[in-house]
Structures are given as C-alpha cells and as structure tokens.
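Trainee: One structure, pasted below without further comment.
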Amino acid sequence: AQSVTQLGSHVSVSEGALVLLRCNYSSSVPPYLFWYVQYPNQGLQLLLKYTTGATLVKGINGFEAEFKKSETSFHLTKPSAHMSDAAEYFCAVSGSGGGADGLTFGKGTHLIIQP
Amino acid sequence: DVKVTQSSRYLVKRTGEKVFLECVQDMDHENMFWYRQDPGLGLRLIYFSYDVKMKEKGDIPEGYSVSREKKERFSLILESASTNQTSMYLCASSFFTIIGSNTEAFFGQGTRLTVV
C-alpha cells in the first residue's frame, strides 16, 4: 500500500520569498513521485515528476523537487514566490507497474502568497 | 495538445436521480480514472479502467458504477444520487506502461456536482 503525507494544509509566504511545500511518502516498491498544481475551478496540471535517475527534478514555473530516499521525502521548492503561484498543490505517488491503479494523492496544500 | 474533456463543468441534480458524468480523452490512453475531490480529503479514487469493458474498484466505489464501452470514453454513474455525493469529480487518463516507465496522468477540468 502507498500513502502520501503533506505537512500543512495551508502555507503562507510573502511575494519574493522561498516556497517550501513538504511531502513524505510510503511505498513498498520504488516510487514514482509527482507534484500537481490546481488553480481555482480547474483540473490538475503536472508540475514535475520523479521516475528514475537524477534526484533533483526541475519542473514548470520555476519549481523543483528533490527525491530523498533515506527520508522518504519529495519536497517542492521555488526560490522566489510570485502572486500567480497561489493555488492548491498535490503530491502523489505511483508505485505499481503499468500505473493502472492510479495515483495516491496527499490531501493537498493551499499556497497563499502575501503581497 | 493533449486533452481530457468532461462533459459538464457544473451540475445540479435532485436526490434519487440517476446521474451520468462523461469523460473523453484524445490521447489513446489505456488507463482512465475517476477521482472525487473534497476539501481536506484530497483526491480519492472511485474507479479505474485499464482497457475497454474492464473496470476496477478504487478506494471509495460505494454508490457509484462506471462504463467503458470505447477506449476514449469513461463514464461515471451515480445510480441514485445522494447529498453526500455533492463534490468535485475529476477524470484522468494515462498510458499503460511496463514497470520502470512513468505513469503521468492527465486530468480533465472537473465537474462540480451538487445534489439537492
């Protein structure tokens, strides 16, 4: 069984400050890890993903995440927050071959950007 | 551009009605999924399908059924809608891949269903 824990249902940062959204996972098989973003009244859009290889993954809109196997973590960061980053962010894990049983999502973190 | 299209953005239905939510993808994906999204609970998998006419229960299948008669279309059915099924419903699709490949899912815009 797989699970994802996102620390903090709401995170507030000032515009220009560092963004750090935390994600820890559990998986009985080598995981594939994803971060998705959801803007109000929209579906989910992929930010970045880790499958194999380099553990530091770069995504869209200046976001990146680092896979740390020893810590079972996949935290999302962005050096400088922009007002347009305000959204809901979901961490997800998929560990089975074929992906046919879908992704397991965390409960989400609402990112608030203060002007 | 890849696309997953859900037939309705907003729906209001009465308790006891039979409700159909439709989803179509144009990427020739094998896998299709229905998730339910509720505040504080994240996304929960209702049903998924890895092939035409194949379906598997997810984490919360009670009160729902699905149909996949064609590869590109996956329907979610609420046999008798209840107020606790008021929620945002998200459809997604992905390729079926061998172990070691990525399993990125593409999402539709969502259907916000209100049952009154």
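A short reminder: the numbers here are calculations on the coordinates, not readings from a lab. In this text, all values refer to a predicted model and were calculated from it rather than measured experimentally. Counting neighbours? That spans all protein chains shown, and the Cβs are built from the backbone with ideal geometry, glycine included.
Trainee: For A:A17, what residues show an amide H to amide H distance below 5 Å, using hydrogens built from the backbone and excluding near sequence neighbours?
Mentor: A:A81
Trainee: Output the antiparallel fraction of DSSP beta bridges having both residues in chain A, as a percent to the nearest 5.
Mentor: Here the antiparallel bridges make up roughly 90 percent for chain A.
Trainee: Using θ = phi - 60° and the Karplus curve 6.51 cos²θ - 1.76 cosθ + 1.60, what whole-Hz ³J(HN,Hα) does each residue of the stretch B:60-70 get, with Gly and Pro shown as x?
Mentor: For the stretch B:60-70, the Karplus-derived couplings read 9, x, 4, x, 10, 9, 9, 9, 9, 8, 10 Hz, x marking Gly and Pro.
Trainee: Out of residues 5 or more away from A:A87 or on other chains, whose amide H comes under 5 Å of its own, with H placed 1.01 Å from N in the peptide plane?
Mentor: For A:A87, the qualifying residues are A:L111.
Trainee: How large is ³J(HN,Hα), in whole Hz, for each residue of the stretch A:25-37 in order, when computed from phi with the Karplus curve 6.51 cos²θ - 1.76 cosθ + 1.60 and θ = phi - 60°, using x for Gly and Pro?
Mentor: Ordered by residue, 3J(HN,Hα) equals 10, 10, 7, 8, 10, x, x, 9, 10, 9, 10, 10, 10 Hz.
Trainee: On a straight-distance basis, which aspartates and glutamates could pair with B:K70 in a cross-link, Cα separation under 20 angstrom, same-chain partners fewer than 8 positions away excluded?
Mentor: A:D101, B:E22, B:D26, B:D28, B:E30, B:D51, B:E56
Trainee: Still on this structure, I have one more. With charges only on Cβ, +1 for K and R and -1 for D and E, what is the dipole size of the stretch B:1-108 about its Cα centre, in debye, rounded to 20?
Mentor: In debye, rounded to 20, the stretch B:1-108 gives about 340.
Trainee: Another one. So how do B:T83, A:T104 line up by other beta-carbon neighbours within 10 Å, fewest first?
Mentor: Ranking B:T83, A:T104 by Cβ neighbours within 10 Å, fewest first, gives B:T83, A:T104.
Trainee: So how far apart, in nm, are the two label points at A:M83 and B:T15 if each is 7 Å from Cα heading toward Cβ?
Mentor: Each label point lies 7 Å from its Cα, and together they span 4.4 nm.
Trainee: For a quick check: with amide H placed at 1.01 Å from N, whose amide H comes under 5 Å from B:E17's, ignoring anything fewer than 5 positions away on the same chain?
Mentor: Residues meeting the criterion, in which the H sits 1.01 Å from N, are B:A81.
Trainee: Would you order A:F74, B:F20 from fewest to most other beta-carbon atoms within 10 Å of each residue's own beta-carbon?
Mentor: The fewest-first ordering by Cβ neighbours comes to B:F20, A:F74.
Trainee: Now for a different question. Of the options A:L33, A:T52, A:H110, report the single residue whose Cα projects farthest towards the positive end of the charge dipole of chain A (beta-carbon charges: Lys, Arg +1; Asp, Glu -1).
Mentor: A:T52
Trainee: Can you put A:H110, A:H10 in order, fewest other beta carbons within 10 Å first?
Mentor: Ranking A:H110, A:H10 by Cβ neighbours within 10 Å, fewest first, gives A:H10, A:H110.
Trainee: Follow-up. Which whole-Hz couplings ³J(HN,Hα) result when phi for each residue of the stretch A:72-80 is put into the Karplus expression 6.51 cos²θ - 1.76 cosθ + 1.60, θ = phi - 60°, listed in order with x for Gly and Pro?
Mentor: Listing the rounded values in order: 6, 10, 8, 6, 9, 9, 8, x, 9 Hz.
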